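Here, each number is a calculation from the coordinates, and none is a lab measurement. Because the structure is a prediction, the values reported are computed rather than measured. FYI the Cβ positions are ideal-geometry reconstructions off the backbone, even for glycines, and counts take in every protein chain you see.
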Amino acid sequence: MSHTVKTRLIKLLLEAVMLIVALCYLAPVWIIVVNSLKDTLSANRIGYSWPKLFHFDNYAQVFEKSNALQGLINGVVIGVTVVLIAGFLSSMAAYYLSRKSSGFSKFTTLYFVSGLIIPTAIIPTYFAMLVLKLNNTYLGLVAIFVAYTLPLSIFLYSGFMRTIPREIDEAAIIDGSRPMQMFFRIIFPLLAPVTVTVIVFNFIGVWNDVTTYLYFAGGDKWPLPMTVFQFYGKYSQRWDLLFADILVAIVPCLIFFVFGQKYMVSGLTAGSVKA
Amino acid sequence: MLSKGTSKHYSVLFVLPAFILFSLFFILPNLSGFVMAFTDWSSYYPLSPGFNGWRNFQDLFASPVFATAVRNTIYFTAVTTAFKIVFGFLMAIILNNGVKFKNTYRTIVFAPFVFNPLVIAYVFSALYQPDYGPVNTFLRFVGLDFMAQHWLTDVKYAMLAICVMDIWISIGAIIVIFLTGLQSVPQEFYEAATVDGAGGFQKFVHITLPLTIYSLSINTILCLIGGAKVFGQVYGLTNGGPADATQVYGTFIFKSFSSGLFGYSAAAGLLFTVVISLVSFLTLYLFRRLEVEY
């Protein structure tokens, strides 16, 4: 009897703990939403109350005064390009590396895996970009991002590749397929589940990057979240506009999160369970 | 057996584009860091660096700001890693033991993973605001007035404030990884232990802990590397201020870089790369030895 009462009490306590934790996450969102609709004076008080009068024009002002629209275009263009190139390059590389067992293949696997642990050398990269005249260009950003996303993408693809039987390759070869044709028509479609994970992971990574944009590109190449940085510099005393701008910047992420959460979890945990 | 014949079909062309790109923008810069760190390269002579021996390293070790940055980075990494691992593990266990709305909670704490740390930092700068900020408002509301501080401008509390925000951002990802680890433990083990009369604590020490050591090691490495690399959080919240009190390694390099001291920043970057790589490989090796087969 007393045992079940105790278990129930503990259960109740744990529920309460999780509820409080959840509130710590929801309260800031609430604060952003309500204050983004107030006038400057009351928004600067950063309160919880529902706005007395809805100032939807805050949002109109944000789109007028910030680079939000340009940022959205930059983010999507850079993100999509990187995701496409990185997806093709890493799936092809992973295919070779997991099928071939030569010395070169073993070395190259380690070569890419090192990128998961060793930090990026920013200053020397800056020099390389300077020599190649790639600083502050879309091409330079895409090249760097693809290079940075390759290790994890190859790692994810390699893990999945092991589940695809070699017999499929051999059957295709007997039927007379050429290597590239075989890969894109037979193997690549089978990789679809992990491809989605790689796409979601890489896109979020590029979209939310701070360091690469700060070092290698000017404000006109920045994606939506980074435009908040410019906006904050100009309107640091106007929380009505700032909160509206922040909300504009995080809504695409939220939408993306709702659809991509499953894949983010599988990407994140791919390496964390012993196979 | 076709293996020998098929292996011709795995053309090196598959891996070459990735190999070249990765070499050009990751491996070569990392290697040339060993050279660049010993030059006086600066924005004044952008394309004509000259060697200056160990000068950059001597300057670094003589700089008080560098010392602060190293100390803060270690403090930040230690505090956030310890907290995320301990409380992340606890929360994963709570979620794994049948709390109602388990998936909702997991989704909520995981969500900040998709937001830009810089944007979150601006939100927190509002939350930490001394007069009207919700953090202080709440503390005054529950009668803890003495705890309401100038979070971001007081040297004593600024680092702590940054740590709290970082934990808020990334504990969700840590919980998700722990949860997957916990779910992979075969349920029969617990049942057998119950039959043998093991208590909750014994089950944790003898079953849960050894069988989730892999996710523990992944999480520890993620926290350590993430902590050492911290940039956006600090850059957005305090930008190293007040008076360099919250300078961390990442912001220190960016500051030196922005003032045009490229060779000096490269030296700082090289030290970072060497130390982080060593620490990561060592941690991986240590955890590898703790793993058990089952």
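Key figures for this structure:
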read-out	value
Partners for B:LYS100 among aspartates and glutamates (Cα-Cα distance below 13 Å; same-chain residues under 8 apart left out)	A:GLU15
MRE, 222 nm, helices only [DSSP H, n ≥ 4, -39500 (n - 2.57), over chain A, to nearest 500]	-24500 deg cm²/dmol
Listed residues A:GLY205, A:GLY260, A:GLY176, most fluctuating in chain A (Gaussian network, C-alpha, under 10 Å)	A:GLY176
Shape of chain A, Cα gyration tensor, a/c cut at 1.5	oblate
Listed residues B:GLN149, B:LEU216, B:PHE201: farthest to the positive end of the dipole of region B:134-233 (Cβ charges)	B:GLN149
Kyte-Doolittle at least 0.0, axis length at least 15 Å by Cα - qualifying DSSP helices, chain A	A:2-35, A:68-99, A:103-117, A:138-161, A:192-207, A:224-234, A:239-269
Charge tally in the Cβ shell below 14 Å around B:THR39, where Lys, Arg are +1 and Asp, Glu are -1, B:THR39 excluded	-1
Fewest-first ranking of B:ASP154, B:ASP145, using other Cβ atoms within 10 Å as the exposure measure	B:ASP145, B:ASP154
Mean Cβ neighbour count within 10 Å, used as a protection proxy, ranking A:143-151, B:189-197 highest first	A:143-151, B:189-197
More than 26 angstrom apart: percent of Cα pairs within region B:76-290	48
Cβ charges +1 (Lys, Arg) and -1 (Asp, Glu), total dipole of region A:41-114, debye	340
Relative compactness, the protein assembly as shown, computed as alpha-carbon Rg over 2.2 N^0.38 Å	1.03
q = 0.25 Å⁻¹, region A:2-60: log10 I(q)/I(0) [Debye, one scatterer per Cα]	-0.93
Average partner coverage of A:244-254, which counts Cβ from other chains inside 10 Å	3
Within 10 Å of each Cβ in A:124-133, the average number of Cβ atoms from other chains	6
GNM result for chain A, Cα springs below 10 Å: residue of A:LEU53, A:LEU97, A:LEU19 fluctuating most strongly	A:LEU19
Rounded to the nearest 20 debye, dipole of the protein assembly as shown from Cβ charges on Lys, Arg, Asp, Glu	620
Nonlocal amide H pairs with B:THR39, under 5 Å, H built at 1.01 Å	B:ASN52
Mean-position separation - Cα centroids, region B:72-110 and region B:204-245, in angstrom	11
Label-to-label distance, nm, for residues given as B:PHE34 and A:ASN136 (7 Å Cα→Cβ offset)	3.4
Proxy reagent accessibility, fewest Cβ within 10 Å first, across B:VAL65, A:VAL198	B:VAL65, A:VAL198
Residue (of B:GLY241, B:ILE85, B:ALA266) at the positive-pole extreme of chain B, dipole from beta-carbon charges	B:ALA266
Ranking of B:THR283, A:THR269, B:THR251 by count of other Cβ atoms within 10 Å, fewest first	B:THR283, A:THR269, B:THR251
Region A:189-257-region A:146-182 distance, computed between alpha-carbon centres (Å)	32
Separation of alpha-carbon centers, region A:26-53 and region B:263-294, rounded to whole Å	44
Residue of B:ALA266, B:ALA18, B:ALA37 that the Gaussian network model of chain B assigns the largest fluctuation, springs spanning Cα pairs under 10 Å	B:ALA18
For chain A: relative contact order, % (alpha-carbon pairs under 8 angstrom, 6 or more apart)	32
Overall dimensions of region A:121-169 as given by Cα atoms, namely Rg and Dmax in Å	16.4, 48
Charge dipole (debye, nearest 20) of chain B; +1 at Cβ of Lys and Arg, -1 at Cβ of Asp and Glu	440
For residues of A:18-31, the mean tally of beta carbons on other chains within 10 Å	5
Neighbourhood net charge (15 Å Cβ-Cβ; Lys/Arg +1, Asp/Glu -1) for B:MET159	-1
